[in-house]
Amino acid sequence: MKILVCISKTPDTTAKIAFTDNNTKFDTGGVQWIINPYDEWYALVRAIELKEADPSTVIHLITVGAADAEPIIRKALALGGDEAIRVNADNHDSYYIASQIAEVAKQGGYDLIFTGKETIDYNGSSIGGMVSELLDLPYVSLAAKFDLAGTKATITREIEGGEEMNEVELPVVVSCQKGMAEQRIPNMKGIMGARTKPLKVVEPVAVDTLTSVAGFGLPPAKAGVKLVSPDNVEELVRLLHEEAKAI
Amino acid sequence: MPVLIFIDTAEGHVKKSSLEALTYGAKVAEQLGTTAEGVVLGSVTDDLAALGKYGVKKIHHAAADALNHFDAQVFAKVLAQVAEASSAKVIVFSNNLSGKAIAPRLSVRLKAGLVSGAVALPDTSNGFVVKKNVFSGKAFANIAVKTDIKIIALSPNAYQTFAGEGSAEVVAFNATIDAAKIKVTGVSKASGEVPLTEAEVVVSAGRGMKGPEHWGIVEDLAKVLHAATACSRPVADAHWRPHNEHVGQTGFAIAPNLYIAIGISGAIQHLAGVNRSKVIVVINKDPEAPFFKAADYGIVGDAFEVVPKMTEAIKKIKGTA
């Protein structure tokens, strides 16, 4: 059993969002970087749990990024996983990143590919779907539960207003969200061990990008909260009805 | 070279988010001087011709039973066939749960640039640029699509549905359909409730409610507003409410027209999941709660007094008192 977990480096949730170069680049000054929470808490931790249930399981982590992504991938290795692969490329569009992951996946012979449901920076929710199409594999998106019996996976995915239970033979690509696993904190043994785990750097394959960022912007600031007295709840409802037209 | 819109259905009915996609797609077609066409996979009970009132002229219907279960791999292959047969140059999805699964696959299949989570019509004055939310709603990006075929996945609740007059011609589409590799073994649905990610109004509550036994007033308010209920992360973690109600960074991200937050302080992780809501109302007894900074309307007061009063006042307005 071989699992590939896709890891992305994202700015911390509390990072100040600003742009430079005439609003064409994200301002990374002073930004703390973290493992994209969906990749970490749900995809990676579930993979680690599967390895705990079956120690013969091998977990590889992959990230597409420059050398500055290495602290993040070491941090992921401290949680678990056997080795990591970094595709040495700057950030391009989803199609480019998915193509790099698919290329590594083709050579690795993985039974299972996990991604987080989206990254908290670009909010694309596209990598899993693109990788699955590039590999012509089935894809279960927004999975909240994942169990294995031999080569058969039982997966619960979110649908509008409920859940759907799926069964699929491996290999499969799964995007993971809340419910898959619980957040873990790396322990000292993990942190020490991560330093010596293999981190392989591979060069990207030549792929066209399909989209590019023309520019960024910030939404207009809120006008400020309109406070209503707790003794005049009717006034709030009137405002919502007549002014905001929200009810 | 029409604009092609994927019409997503559940249990035979067209989803609300797809009506938004239809309205949006028709507008894109008008902008490009072409026509809008829809595509429906699987059997439906709704009258498809009636979807013409959202501006589509033609609907391709691949009604095979094999398409009654959603499977991203199978659906993407069929949609690619429809896109090719109709020589569509722009393909529109709702960026709902199905759209998130199929649009990226179709993007690869057609080598067509994808903008997921679009919030506005494309700017075609210089190329083809679509605005989308990034950084969980804290910023937006203008994405230039460089390919001949473009795919837009429209963020739910970002574009107002508009129904005019008209009827669409429904044509059967004979698709080559692969056997699905994914078997659907069951579905569990909370009946009668409004699905959280589709809801126009969401009533959400946090630790300020002091315990799960006090949720009655939250549910009453949600009921008069025909709203979905949601909660903050600590509430879900404490099992006061089910995890599928958790909104925020690590729970669901929602963008309703109205979000009412009761007894939620408004940590940045919570805001990341709800800050795309059009109107935010905060009820909290702590005037220093950070949520007030992100709110449009607020009441500094005791939820246990304010919320029932609100329910009554809304009943009066809706004439259901």
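The values are calculated or read from the model by the stated rules, or taken from the named source; none is laboratory data. None of these values were measured; they are calculated from a predicted model. Positions of Cβ are backbone-derived with ideal geometry, glycine not excepted, and every protein chain shown enters the neighbour counts. With ligands, DNA and RNA removed, areas are computed over all heavy atoms of the protein, side chains included. Shrake-Rupley method; radii C 1.70, N 1.55, O 1.52, S 1.80 Å.
Points worth noting:
- Qualifying residue in region B:137-144 (condition: open to solvent by 40 Å² or more (accessible area, probe 1.4 Å), within 7 Å of chain A (Cβ to nearest Cβ) and out of contact with any Lys or Arg (no Cβ under 6 Å at 6 or more places or on another chain)): yes
- Scope region B:219-260; condition small (Gly, Ala, Ser), open to solvent by less than 30 Å² (accessible area, probe 1.4 Å) and within 11 Å of chain A (Cβ to nearest Cβ); matching residues: B:Ala227, B:Ala228, B:Ala236, B:Gly248, B:Gly251
Per-residue answers, yes or no, for (1) within 7 Å of chain A (Cβ to nearest Cβ); (2) out of contact with any Lys or Arg (no Cβ under 7 Å at 6 or more places or on another chain); (3) assigned to a loop (DSSP other than H, G, I, E, B):
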residue: B:Ile283; (1), (2), (3): no, yes, no
residue: B:Asp286; (1), (2), (3): no, yes, yes
residue: B:Ala289; (1), (2), (3): no, yes, yes
residue: B:Ile299; (1), (2), (3): yes, yes, no
residue: B:Phe304; (1), (2), (3): no, yes, no
residue: B:Pro308; (1), (2), (3): no, yes, no
residue: B:Thr311; (1), (2), (3): no, yes, no
residue: B:Ile317; (1), (2), (3): yes, yes, no
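- Contact map, region A:213-240: first residue at the interface with chain B (Cβ under 7 Å from one of its Cβ atoms), second residue outside any loop (DSSP other than H, G, I, E, B) and among the polar types (S, T, N, Q), Cβ cut-off under 6 Å, separation 6 or more or different chains; pairs are A:Ala214/B:Asn142; A:Gly215/B:Asn142.
- Selection count, region B:84-101, where residues are more than 14 Å from the chain's Cα centre (by Cα) and either at pLDDT below 95 or buried (at least 24 other Cβ atoms within 10 Å of the Cβ) (or both): 3
- In region B:63-75, the count of residues that are of a type in the set (Gly, Ala, Ser), assigned to a helix (DSSP H, G or I) and either modelled with pLDDT of 95 or more or open to solvent by 10 Å² or more (accessible area, probe 1.4 Å) (or both) is one or more.
- Qualifying residue in region A:115-134 (condition: at the interface with chain B (Cβ under 9 Å from one of its Cβ atoms), assigned to a helix (DSSP H, G or I), over 21 Å from B:Val134 (Cβ atoms) and in contact with a Pro (Cβ under 8 Å, 6 or more places away or on another chain)): yes
- Some residue of region A:85-103 being of a type outside the set (Asp, Glu), outside any helix (DSSP H, G or I) and under 23 Å from A:Pro186 (Cβ atoms): yes
- Counted residues, region B:168-191 - those being more than 7 Å from every other protein chain (Cβ to nearest Cβ) and either open to solvent by less than 50 Å² (accessible area, probe 1.4 Å) or closer than 20 Å to B:Ile59 by Cβ (or both): 10
- Residue within region A:176-196 that is facing chain B (nearest Cβ under 9 Å), in contact with a Lys or Arg (Cβ under 7 Å, 6 or more places away or on another chain) and under 30 Å from B:Lys181 (Cα atoms) present: yes
- Only listed residue being surrounded by fewer than 23 Cβ atoms within 10 Å (Cβ to Cβ), hydrophobic (A, V, I, L, M, F, W, C) and in contact with a helix residue (DSSP H, G or I) (Cβ under 7 Å, 6 or more places away or on another chain), chosen from B:Leu51, B:Leu32, B:Leu19: B:Leu19
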